[in-house]
Every structure is written in structure tokens, then in C-alpha cells.
1. Exactly which chymotrypsin sites (Phe, Trp or Tyr not before Pro) in region 114-187 are in a DSSP loop and have at most 16 other Cβ atoms within 10 Å?
2. By how many nm would the segment from Ser259 to Ala94 grow when fully extended, if each residue of separation counts as 0.36 nm and the alpha-carbon distance is taken off?
3. Starting from the 7 Å offset along Cα-to-Cβ, what nm value, one decimal, do you get for the label separation of Leu343 and Ala282?
4. Between Leu230 and Arg58, what is 0.36 nm times their sequence separation minus the Cα-Cα distance? Round to one decimal in nm.
5. Hey, can you grab everything whose amide H is under 5 Å from the amide H of Thr234? Only 5+ residues off in sequence or another chain; H modelled, so Pro and N-termini drop out.
6. Return the long-range amide H neighbours of Arg109 (sequence gap of 5 or more, or a different chain), with a cut-off of under 5 Å between placed amide H atoms.
7. What is the percent of Cα-Cα separations in region 53-266 that go past 32 Å?
8. Using a Förster radius of 51 Å, what is the FRET efficiency between Ser139 and Trp388 based on their Cβ-Cβ separation? Nearest 0.05, please.
Amino acid sequence: MLKLALYSLLARRLTAGLTLLSVAISVMLLLGVDRLQNQARDSFANTVSGTDLIVGARSGPVNLLLYSVFRIGNPTNNVGWDSYQALKSNPAIAWTIPLSLGDSHRGFRVLGTNDDYFRYLRYGHRQPLTLQAGRPFSSPLEAVLGAEVARKLGYRLGQAIVVAHGAGKVSFSQHDNLPFTVVGILAATGTPIDRTVHVPLAGIEAIHYGWQGGMPSQAINAEQARQLDLTPRTLTAFMIGLKSPIQAFQLQRQINTYSAEPLLAILPGATLQELWSLMAVAQTALSVIAGFVVIAGLIGMLTTQLASLDARRRELAILRSLGAGPGYLARLLGVEALLLTSLGLLLGLGGLYLAQALAAPLLQQQYGLQLAWSWPDASQWQRLAAVWGAGLLAGLLPALRAYRYSLSDGMTIRV
């Protein structure tokens, strides 16, 4: 029966192929939406780990998380250096990482920080940053590149780069009087770190010396910059690691009620959950749309089988004359529906992995989203089983009609 069903589908290869394609595309969309959601969650969650608090100017918690960790958006205000120093001296704090954003290099964000960034920052499962080449910066006009920056722009150690004013891809204000020298390239992390140019805080102060209203009023050279006091005046945000995580809520309240200036301290994990809750409606909508696409694909398969059934009545009558019973013919059409569904599932899975392999470099480059290869998880296997069962049910109606035709037609076909 399986062999006969295969030959029957091959005889109708055009309609069967189109039906198979519709089922495969619907399966790809159903699993692709779910996989993209899960991978996005994992990628965002792995961007920073081991950080107990993130502090910035008072705004929204999600906004602070996005611009300080994911380099998305811009801050509404800065944190005063004096406030940072006062909070840094709190005995509950083990370490801090200052962050200064606002400049870019050929579309990549420039981050001003210090040595503590390379010493204490963790990503993934508390993995430390490592250098694939060179060393961390040690003077104001040195830079350490993320892996994606170095790869895409083709930079090497010792190369000079010019930072642009502003975070846009195109800037008409270049800090070309003080170029930075590449002294290190970080190993790939699969996070926004890969798409970031890291420079010292003193370097950020040097390139903005004499700037007013976003334009330079006085240009200085590297030798003059070394003679200046390059202590930062403001920061965009800073990360905090505590000696004991139990003290996180207490310190968070202290910072949120800080009297010297309005500040906001957030718990990265809790704020990330808030971000996902804001996106829950969109995720549900995408899942529902994918589900309806699967239903449409199965209805298309059912429609094709029913439409071709009248044209196959002579074929079924000939099979009856050769000794096939009504039940055999009904099972034959059921096996054909099962084959179409099963092959559609396999083709959809294969297409999903192929699309993932092709899209992974683009998503990594443009959005810092890392798509890891993995087998379908338990929920995805359940969805595949549901589609397979629905395809089997969709084949029952043509099978039932074939059963009735074969009883009534015999060798005489009523038109």
C-alpha cells in the first residue's frame, strides 16, 4: 500500500509537490517563530551575567537596560562623576564598571570604560572576556575592538581609527585630531560586546575637550591631550557587583532615593523579565499567526485531495476491479495524506535549519542575535506531533468519500 501511495503521488507530482510545499512552509513558520523567540531570550539573557545592579540617570528601567547593556537607544541624561565616586565607596560594593556612550565608529557604538570592564564583566554562564589578539588599553588613545568590528572592518593591531561624534551610522563631526590605536581584539561572545569599540574614559574626555554644542571650538593633538586632566565629568551608566547579592534590594533603594541627583538602579534579571512581558502580546500574536498558517496549509492539502478525488474515480474503480475493497481504498488515501504530512514535516525541518544557517550571520551582525544549532525541544516536538495528527485527520474526509465512491461506482462511473 505504501508503494502504491508513493506511485500515486508521483503520478500527480505537480499538485502533490505544491501541497507538500505549503505544508513545509507552514511548519517552517510555526517552528521558526518559536525558535526565534527562544533564541532571542537566550541571547539577551546571556549578554550580561554576574552583575547585580545597573545604575543610570532616572528614566525607565527597560530603557536603561537597553542602552547600557544592548546598545539600543540613547540615555535621557548622564550620571555625575562625583555621584559615581560617592556610591562606589559603599562598603557593600565589590566592584563597579563605568560606562560612557554617545560616540560611534562607522556605525558601531563606542564605549568608554576602564580596566575593570575586562576584569569583572561576565557574559553567558559567567564567562570572562578574553582577547583573541593584543592586550587591554593602557593609555587614553588606545582601543580594544569587539570581534565583529574587527572582522567586518578588517582591522588589525596597530591600526589607527577615528571616532565620530554621535551614535548614528553617518556623522559629519569626526574626532580626527585624536585617532585611537587598536591594541586589542576581543574574542567573539555572541553579544553586543562584539559590535562595540572600547576606549578608555580618559580618551572620551580627550576627544571632547573644547567641544560645545556638539561642535569643536578648540582642537588639540595627542601631546596636548596627555598634559590635560582627563578625569571624566559624567558617565552614561555604571554596573555594580556586590559582595553579597542579599544586599541588592537595600542598595537599590538607597540609590533610587539618592539626594544629590535623580538616579535609577535596576536589577538586570528582573528588568529583562519586564521587557519580555512587554513583548508578550507580540509574541503571542506571532504564534497565533503561525498556527493559522499551519491550518491554512492543512486545509490546502485537504482541498487538493478532495478536488482530485472526482478525477480519480476511474482509477479507484480499476483498483476495485483488481480486488481492492472499499476499506483498502480508504486506507490508501489516508496513507497518501499521511505521506504528504510526514514529508512536509521533514522538508519543513530541513528548510528551517537551512534558513537558520543562512540567516545566522546576518542576525549576528545586525542585531547581535546568536542562533545556536539545536534539535527541536519538547514543546516543538509536541507542535510537530500536533501537525502530524491534524494532517492525519485531514486525510480522513477524502478517505471516507473514496470509501463511499468505491461502493457505489463499481465499474460504472456516474458523472
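Just so you know, all these numbers are worked out from the coordinates, no wet-lab data involved. In this text, all values refer to a predicted model and were calculated from it rather than measured experimentally. Every residue, glycine as well, gets a Cβ built from its backbone with ideal geometry; the counts of neighbours run over all protein chains shown.
1. Values: sites: Tyr117, Phe118, Tyr120, Tyr123, Phe137, Tyr155, Phe172, Phe180; in loops: Phe137, Tyr155, Phe172.
Filter output for region 114-187: Phe172.
2. Values: separation 165, 0.36 × 165 = 59.40 nm, distance 2.27 nm.
Stretched fully, the Ser259-Ala94 segment lengthens by 57.1 nm.
3. About 3.9 nm separates the two model spin labels.
4. Numbers: separation 172, 0.36 × 172 = 61.92 nm, distance 2.58 nm.
My answer for the length gained is 59.3 nm.
5. So Thr234 has HN proximity to Trp81.
6. Residues meeting the amide H criterion: Val197.
7. On the way: 3470 of 22791 pairs.
Here the tail beyond 32 Å accounts for 15 percent of pairs.
8. Working: r = 63 Å, r/R0 = 1.23.
Here the calculated transfer efficiency is 0.20.
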